[in-house]
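See below for the structure under consideration.
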Amino acid sequence: MKAPIWEHSEEFKTKANITRFMNFVNKQHGLSVGSYDELYDWSINNIPDFWASVWEFADIKASKPYDTVATNLDQMEGCKWFQGAWLNYAENILRYRDDETALIFKGEAQEAVRMTYAELYDQVARLAKSLRQSGLKVGDRVASFMPNMIETVVAGLATASIGAIFATTSPDFGVKGALDRIRQIEPKFFFTANGYSYNGRAFDSLEKAADIVKELPSIEKVIVVPYTEKRADISHVPNSIHYEDFLFKDSGLEIQFEQLPFDHPLYILYTAGTTGAPKCIVQGAGNTLIHLFKEHILQYNFSREDKFFWFTTSAWMLWHWTVGLLAVGPTIILYDGAPFYPDIGTFWKLAQDEKVTVFGTSPAYLSAIEKRGLKPMKEHDLSNLRMVVNSAAPLSAEGFEYVYRDIKKDIWLASVSGGTDMLGGFLEPNPLGPVYVPELQCRGLGLKVEVFDERGNSVINQPGELVVTAPFPSMPIYFWNDKDGQKYHASYFNVYPNVWQHGDWMEITETGGAIIYGRSDATLNPGGARIGTAEIYSTVETIDEVEDSVSVGQDWQNDVRVILFVKLKGGVKLTEDLIQKIKTTIRQSSSPRHVPAKIIAVDDIPYSNIGKKVELAVKNVISNRPVPNIDNLRNPESLNLYKDLKELQT
């Protein structure tokens, strides 16, 4: 077996939360579990006992205890968790109410704003009171068009305390991109900031917010949070009120935490929109809570002493994941702005100044700072940093080496992978195991993750489909407006009966870790932001010069870049002006993340015999991989147009 690049100290392993948990389950169940692998095997072979132990170890607060841990455990789509239990998500998240710092918000060009746990509780109480008085009820929807700032967290928790459902989009979305998501859920309340910051500029959000709200008759009130201006003119935004005018004036309130069933809806997150409008994933309150407790406490070893930073927008599942971390009690640093403004060392200066202990990042970011010659360990004091977490894409061997050479020699580097679909990770940090290059450390506890070959057999040391073969609590409880469950079933269970297919191409290694080679489906994933091809197509179709198109993700420099192939109308040439027109149209209609890195003209677009574009076939061709089921293509000869393209080499 190969040698690790780094290992935990024996002192760390002895004091780790997961060691306390092993001692707990050993005593509770008469076991002698002594390693991560043994604990993992027990957790997937004794699923109800494992999750019941997590419930007790994390001290989940419930007004009514559960009757059964899991029913219909042999049915992925029919399994129900912790039936009989009644609780409130926000009550569990807001368990700390002291003077320790809960949140630090750093806007790009502004001084940091700090909020203690006591102040956070008070702010949530005041906002929840106002929302209740304004008519927000259990099951209503609240939409957010906000930067990653403190008020976004407050709005989400206030919504959850009432038992309403919170859904986030980011202000860098275009009006169409936001409406494609928000329109489906018919929200009653809408939160927006007056602007956001990026690369040294302040951008107005209110024009877009006004256009969005005018298309949503369900919205009764728009709450405008001050950010880029202290008190912006909101007269053109229908049904709007300033946040400070809406917030209940009195402090010292007790929150009325609505007690609801374990699987009551908490969040709506959106799929990438690969086959049409983005689907609305509904995550349950208790389902999310127990999964995040498992990750934060056992896999990441978080404690109240930690200071956590991970650059994200409120539209990414990582925002929801981060809010859940408040239940463990660390300090969370929120950021709005560009990663390299005012300079490339911005995040590392932030890590130094705020004494960050856990720093989340992506391969694209690490590759960018390495290419520019940044050596954070030489330029910043990172003595408090204990862990670097990598997600969004596989980290290359060179990325591992860069972290240990130029960021910190004694550091826990955890490359992880999961998804919006389950609001967490399938491949997780291992507080007891070594780090191997270029592997993700381990499969997450309680998650029966396997790799299937082309025949549907479970394999080790061989690439194949990432699948999950037993239910887990944080599976979506359903999709919005999917009464018969067909969209839900088609998203995960169409390929393997009663087995979750995630859409990643992966190998489980002899070390117990994993290597992910990229997506196995048509979802694009640049920089960790899941993007659906359908959103790009719906915009490109409005451009007169373009007859047809197909978009795929190309693995490129430790990340994924979006490639758009266009079939132009007769006589039209792909000029620089047309390329810029296409990019500008996509940016304005969807978001900057949807803009292709390359636009390439081709003479034909491949289709299946049933008339569907075959993105995966194109991706396989440009990746020099074989194309399965080529007989199912209507025009298989068109794939030759995508071979060995010079434009894809730079």
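For this structure, a couple of remarks:
- Any hit, segment 214-236, residues being of a type in the set (S, T, N, Q) and in contact with a helix residue (DSSP H, G or I) (Cβ under 8 Å, 6 or more places away or on another chain): no
- Restricting E77, E100 to those that are more than 24 Å from I162 (Cβ to Cβ) and under 26 Å from the mean Cα position of the chain (by Cα) reduces the list to E77.
- Leading residue by the ranking (surrounded by the fewest Cβ atoms within 10 Å (Cβ to Cβ)) among those in segment 307-331 that are touching a residue at least 60 places away in the same chain (Cβ under 8 Å) and assigned to a loop (DSSP other than H, G, I, E, B): G329
- Scanning segment 83-109 for residues that are over 30 Å from T68 (Cβ atoms) and part of a strand (DSSP E or B) yields a total of 7.
- Residues that are in the same structural domain as R183 (by TED's automatic domain parsing), crowded, with 17+ Cβ neighbours inside 10 Å and not hydroxyl-bearing (S, T, Y) number at least 2 in the following strands (runs of 3 or more DSSP E) confined to segment 199-248: 221-225.
- Filtered residues of segment 21-54 (kept if in contact with a Gly (Cβ under 9 Å, 6 or more places away or on another chain) and part of a helix (DSSP H, G or I)): M22, N26, Y36, D37, Y40, S43, I44, I47, F50, W51, V54
- Helices (runs of 4 or more DSSP H) wholly inside segment 334-410 that include at least 1 residues being touching a residue at least 40 places away in the same chain (Cβ under 8 Å) and surrounded by fewer than 22 Cβ atoms within 10 Å (Cβ to Cβ): 346-353, 363-371, 397-402
- Verdict on R141 being within 30 Å of G337 (Cα to Cα), touching a Lys or Arg at 6+ places or on another chain (Cβ under 7 Å), basic (K, R) and touching a residue at least 24 places away in the same chain (Cβ under 8 Å): yes
- Candidate set: segment 609-642, residues that are within 24 Å of E545 (Cα to Cα) and not in a helix (DSSP H, G or I); chosen: the one modelled with the lowest pLDDT: G611
- All positions within segment 59-80 that are farther than 29 Å from E254 by Cβ and touching an Asp or Glu at 6+ places or on another chain (Cβ under 9 Å): V69, K80
- The residues listed here are D603, D577; of these, the one that is in a helix (DSSP H, G or I) and surrounded by fewer than 15 Cβ atoms within 10 Å (Cβ to Cβ) is D577.
- If only residues of segment 451-479 that are among the β-branched types (V, I, T) and assigned to a loop (DSSP other than H, G, I, E, B) are counted, the one that is surrounded by the most Cβ atoms within 10 Å (Cβ to Cβ) is I477.
The values are calculated or read from the model by the stated rules, or taken from the named source; none is laboratory data. Source: prediction; values computed, not measured. Note that each Cβ is placed from the backbone with ideal geometry, even for glycine, and that neighbours are counted across all protein chains shown.
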